[in-house]
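Worksheet: the structure to be examined is printed underneath.
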Amino acid sequence: MRRNKDAPVDQMGAEKCFDTSAPPEVMRYQVLLSLMLSSQTKDQVTSAAMSRLREHGLTVDNILQTDDVTLGQLIYPVGFWKNKVKYIKQTTAILKQQYGSDVPSTVAELMNLPGVGPKMAHLLMAIAWNNVTGIGVDTHVHRISNRLKWVKKETKTPEETRAALEDWLPRDLWSEINWLLVGFGQQICLPVNPHCKECLNRDICPAAKRC
């Protein structure tokens, strides 16, 4: 079901939103911003906002010189865009002052940045630093893991789901699980009215009989 890699995340996810020709520190900064923008936002909207930002000039120095109104216009209509303007400015200033305009290379330091949570931190570590530190659990991974009973007991939060998955899933598969389930959740296992009849897991899925 994911063989074709034709879900929105495959074409417009964080791994596709940065300038591959940019210097490494700029690339890492762009990955960070794409993840910050992606929260509560469809990949199509995030990708469009990232395109506008790159055209504007997506570097630490340029964003610091960009006024809040202009930055808001560039990222709108991502979810909670007003808060994200504030977080982007605060985080970018910290990167300039404390990290030489680069991005931290540990999960703990990343999570100290305004607007950055565990999912973003683990995904950034994998994409920007090529270091798999944990499973990035978003709403799709959280929902599907519970539907498939991949967690021993129902989990209430993405962090609970991450801990439950990491408890049994081999570490060499951690890097695959996010894009695999996100795309599956975008195309088949939808939050409402999932396409169970099209799903190859329907015979083994505990939730399929309720569809």
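Can you name every residue in the stretch 22-51 that is over 23 Å from residue 182 (Cβ atoms) and either surrounded by fewer than 15 Cβ atoms within 10 Å (Cβ to Cβ) or in contact with a strand residue (DSSP E or B) (Cβ under 6 Å, 6 or more places away or on another chain) (or both)? Residues satisfying the conditions are 23, 24. Number of residues in the stretch 38-93 that are under 18 Å from the mean Cα position of the chain (by Cα) and of a type in the set (A, V, I, L, M, F, W, C) equals 11. Every test in (1) crowded, with 17+ Cβ neighbours inside 10 Å; (2) part of a helix (DSSP H, G or I) is passed by residue 135 save one, and that test is (2).
Applying the selection to the stretch 118-132, what residues are touching a helix residue (DSSP H, G or I) at 6+ places or on another chain (Cβ under 7 Å), touching a residue at least 40 places away in the same chain (Cβ under 8 Å) and assigned to a loop (DSSP other than H, G, I, E, B)? Within the stretch 118-132, just 132 meets the criteria.
As a summary of the residue check, residue 98 satisfies the conditions (1) free of Cβ contacts under 8 Å to residues at least 12 places away in the same chain; (2) surrounded by 15 or more Cβ atoms within 10 Å (Cβ to Cβ); (3) not assigned by TED's automatic domain parsing to the domain that holds residue 202 except for the one numbered (2). Which residues, taken from the stretch 1-53, are within 24 Å of residue 129 (Cβ to Cβ) and acidic (Asp, Glu)? 10, 15, 19, 25, 43, listed by residue number. What are the residues in the stretch 10-24 that are within 21 Å of residue 84 (Cα to Cα) and in a helix (DSSP H, G or I), if any? Passing the criteria: 12, 14, 15, 16.
If only residues of the stretch 150-172 that are of a type in the set (A, V, I, L, M, F, W, C) and more than 15 Å from residue 123 (Cβ to Cβ) are counted, the one that is surrounded by the fewest Cβ atoms within 10 Å (Cβ to Cβ) is 168.
The values are calculated or read from the model by the stated rules, or taken from the named source; none is laboratory data. None of these values were measured; they are calculated from a predicted model. Here the Cβ is made from the backbone with ideal geometry for all residues, glycine too, and neighbour counts use every protein chain on show.
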